[in-house]
Amino acid sequence: MSIASVTIEDVRRVAELANLELTPEEEPLMQRDLNAILGHVQQLQSLDTTGVPIMAQVGDMLAHIGSRELDTTGSELRSDEIRPSVDRKAVMQSAPETDGRFFKVPKVIER
């Protein structure tokens, strides 16, 4: 199985979607890196995972703090209980800028 090679046009499109500004010198380096990543993914796809159990939840295998024993029950997690949230009015009073409901922050991304 061969991998489709990432083109410079692909790199430019990915950079645009990620809101990255790449210099002409950086584009071929990014192309090389993306092709290397695809090569690693291809290697992973070729592995025989027959008999390897599916690990759907990382929380299923929590390590005990300071111990090498594994907790496979998730008992180290706090119980999921409904609790009162913080008072929005009190939080907004301590905010530097707010419209009363949301925090106002300066725009950091220009398009």
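The values are calculated or read from the model by the stated rules, or taken from the named source; none is laboratory data. Predicted model, so just to flag it, every value in this text is computed and none were measured. Here Cβ is always computed from backbone atoms with ideal geometry, including for glycine, and neighbour counts include all displayed protein chains.
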Looking at the stretch 1-23 only, could you name the residues that are in a loop (DSSP other than H, G, I, E, B) and within 21 Å of Glu110 (Cβ to Cβ)? Ala18, Asn19, Leu20, Glu21, Leu22, Thr23
Flagged pairs (Cβ under 9 angstrom, 6 or more apart or on separate chains; first in the stretch 1-26, surrounded by fewer than 10 Cβ atoms within 10 Å (Cβ to Cβ); second basic (Lys, Arg) and modelled with pLDDT under 95) are Asn19/Arg111
Kindly establish whether Glu110 is acidic (Asp, Glu) and modelled with pLDDT of 75 or more. no
Tell me which residues, restricted to the stretch 85-109, are free of Cβ contacts under 8 Å to residues at least 12 places away in the same chain and basic (Lys, Arg). Lys89, Lys104, Lys107
What pairs come up if the first residue lies in the stretch 41-67 and is at pLDDT 90 or above, the second is surrounded by 10 or more Cβ atoms within 10 Å (Cβ to Cβ), and their beta carbons are under 9 Å apart, counting only those six or more places apart or on different chains? Val41/Ile3; Gln42/Ile3
